[in-house]
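Chemist: Would you mind keeping the following structure in view while I ask a few things?
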Protein chains: 2
Amino acid sequence: MEKHEKKPESPFRPFGDYRWEEVPLLAYKEEGAAPFKAITRQVLFANPELHCEMRYFEVAPGGYSTLERHQHTHGVMILRGQADVLLGNEVRPVKTFDLVHIPPMTWHQFRTTGTEPMGFLCMVNALRDKPQLPTEDELKALKSNPAIAAFLG
Amino acid sequence: MEKHEKKPESPFRPFGDYRWEEVPLLAYKEEGAAPFKAITRQVLFANPELHCEMRYFEVAPGGYSTLERHQHTHGVMILRGQADVLLGNEVRPVKTFDLVHIPPMTWHQFRTTGTEPMGFLCMVNALRDKPQLPTEDELKALKSNPAIAAFLG
């Protein structure tokens, strides 16, 4: 009988069309876990020796990430396209290679703008708390800011 | 007397021409600490709440990083240009958005190829050991591989 050995993972993962060799394309989150639209996830680095992970999220035109907050922070770099970002009490446009730091317990959401997909790198601690979703009251408070009301639609 | 207050650091750091707003351009390493050529460093994320840092290194045409190894690992993404990478006992070409994982205690060096600068993101643990340089004997052993001898020139 043939012995099936796991092919050792290569340290080189070449890029092509916003996919990386040997990196699976995953769902953004568990279906129904939280509101989001048209996002995929690829885990680029998640190594036991590294204390953070690097993920790549891609949002189709018209798509958005979950509006959420959590204790852990994100280091984000836009890799392609453009978006509006809600961060705390502010809405800002971002484009390719811009950086965004998401501080602890700060509401945040990405919404694509334009007709191209928007992709971003997200560096995050390997050990982290679960995201929280806004309550009705928290959503109402957010929407008292006209810019955020317009952003959330 | 006027009170000088530190301007709060913005969570948004817009990109322009491979610089980021409020991110200083630094020397790659202390002068004379190790052999390298034509590199700059920008620290994109180094936050007490994040267990890793994200740095951007840019190597001018003809430049190279230090040949070194260490216990800590690197998660690297090429952001612009192309290079040859020495990793362990292998030399491989890499180009924009390719990924390279540098495992523990593995000799590595980046050398630009082509006429454009080569820039890369490097994710690394905030707490890490110091790099080691090769001894004469280790360098000799590396150069017993003709591809590596050619790479090191």
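The values are calculated or read from the model by the stated rules, or taken from the named source; none is laboratory data. Quick caveat, the model's predicted, so the values are computed rather than measured. Here Cβ is always computed from backbone atoms with ideal geometry, including for glycine, and neighbour counts include all displayed protein chains. All accessible areas refer to the heavy atoms of the entire protein, side chains included, with ligands and DNA or RNA removed. Shrake-Rupley method; radii C 1.70, N 1.55, O 1.52, S 1.80 Å.
Chemist: Identify all residues within the range B:34-49 that are within 20 Å of residue B:62 (Cα to Cα), of a type in the set (A, V, I, L, M, F, W, C) and part of a loop (DSSP other than H, G, I, E, B); write none if there are none.
Modeler: If the condition is that a residue be within 20 Å of residue B:62 (Cα to Cα), of a type in the set (A, V, I, L, M, F, W, C) and part of a loop (DSSP other than H, G, I, E, B), then B:34, B:36 are the ones that fit.
Chemist: Restricting attention to the range A:102-132, which residues are out of contact with any Cys (no Cβ under 9 Å at 6 or more places or on another chain), hydrophobic (A, V, I, L, M, F, W, C) and within 22 Å of residue A:60 (Cα to Cα)?
Modeler: A:107, A:110, A:118, A:120, A:121, A:122
Chemist: Out of all the residues in the range B:70-87, which are facing another protein chain (nearest Cβ under 8 Å) and more than 13 Å from the chain's Cα centre (by Cα)?
Modeler: If the condition is that a residue be facing another protein chain (nearest Cβ under 8 Å) and more than 13 Å from the chain's Cα centre (by Cα), then B:72, B:87 are the ones that fit.
Chemist: Looking only at the range A:41-50, decide whether some residue is over 30 Å from residue B:71 (Cβ atoms) and either open to solvent by 40 Å² or more (accessible area, probe 1.4 Å) or within 13 Å of chain B (Cβ to nearest Cβ) (or both).
Modeler: Scanning the range A:41-50 turns up no residue that is over 30 Å from residue B:71 (Cβ atoms) and either open to solvent by 40 Å² or more (accessible area, probe 1.4 Å) or within 13 Å of chain B (Cβ to nearest Cβ) (or both).
Chemist: For the range B:44-65, which positions are among the hydrophobic types (A, V, I, L, M, F, W, C) and either within 30 Å of residue B:153 (Cβ to Cβ) or modelled with pLDDT under 95 (or both)?
Modeler: B:57, B:59, B:60
Chemist: Quick one: count up the residues across the range B:26-48 that are of a type in the set (Ser, Thr, Tyr) and either in contact with a Leu (Cβ under 6 Å, 6 or more places away or on another chain) or without any contact (Cβ under 8 Å) to a residue 12 or more places away in the chain (or both).
Modeler: Going through the range B:26-48 one residue at a time, the tally reaches 1.
Chemist: Quickly run through the range A:93-115 and pick out the residues that are within 8 Å of another protein chain (Cβ to nearest Cβ) and aromatic (Phe, Trp, Tyr).
Modeler: A:97
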